[in-house]
Amino acid sequence: MVLGDISQAGVAYYYSQGRQVLGLRGPFVVHTVGVPGDLSHTSWEGAEPPDLRQLVGKEWQRRIDIQSAALYQIPVRGRFFADGRETITILERSYDLEVIREEVEMRGEKPYTNRYWIDPVTGFCWKSHQHIHGRAAGLNIEVTKPAG
């Protein structure tokens, strides 16, 4: 996927050749097109998604819409935990990163886990493994170059 646009709200939209769209706000997947059970909207508690490093040891809630299933403003509760450090390689570049695990609960769905690999100094998320909801397969996301 390639970065195609950054909205005024700060959502980075990535596009694939197969017409899939992935919208990221910070490290969080907030919108998808062309993925089973597409995520059509995400809203936050507060105006901005927080820095993941500040969420460790805390619980945070967002709300999602899955328009194809006529599900709107579904609360999604995440609890965040530090899982240590890990060195990962993206395009032959190594990064020593903090791993943050999010244990997610969503009404009517089985719990699931998201993971984020975060630069400990800047908070930038270089890699994540996220589910857009409990029935969706996880998405593996690696950033080769920060936007901007």
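The values are calculated or read from the model by the stated rules, or taken from the named source; none is laboratory data. Being a predicted model, the structure only gives us computed values, none of them experimental. Glycine also receives a Cβ, built like all others from the backbone with ideal geometry; neighbour counts cover every protein chain displayed. We work out accessible area using only protein heavy atoms, side chains counted, and drop any ligands, DNA or RNA first. Shrake-Rupley method; radii C 1.70, N 1.55, O 1.52, S 1.80 Å.
Stretching the chain fully between THR87 and TYR72 yields a gain of 1.6 nm (0.36 nm per residue, less the alpha carbon separation).
The charge dipole of the chain, taken about its Cα centre with unit charges on the Cβ atoms of Lys, Arg (+1), Asp and Glu (-1) only, comes to about 240 debye.
Between GLN17 and LEU3, residue separation times 0.36 nm minus the direct Cα-Cα distance comes to 3.9 nm. Dipole of the chain computed with +1 at Lys/Arg Cβ and -1 at Asp/Glu Cβ about the Cα centre; of HIS31, GLY134, VAL56, farthest Cα towards the positive end is GLY134. A 1.4 Å probe run over the protein chains yields, for region 59-148, 56 Å² of accessible area per residue, whole-number rounding. Run down the lysines and flag those whose C-alpha is under 30 Å from the C-alpha of LYS145, throwing out any fewer than 8 positions away in its chain. Straight-distance partners of LYS145: LYS58, LYS127. Scaled against 2.2 N^0.38 Å for its residue count N, the alpha carbon radius of gyration of the chain is 1.01. Taking label points 7 Å from Cα along the Cα-to-Cβ direction, GLU109 and LEU139 give a separation of 1.2 nm. Around the Cα centre of region 99-148, unit charges on the Cβ atoms of Lys, Arg, Asp and Glu (plus for the first two, minus for the last two) sum to a dipole of about 120 debye. Hey, any idea what % of the chain's accessible area is carbon plus sulfur with a 1.4 Å probe? It is 49 percent, rounded to a whole number.
Size estimate for region 85-128 follows the Kirkwood approach: the inverse of mean 1/r over distinct Cα pairs works out to 11.6 Å.
Working from label points 7 Å from Cα in the Cα-to-Cβ sense, the ASP96 to ASP51 distance is 2.0 nm.
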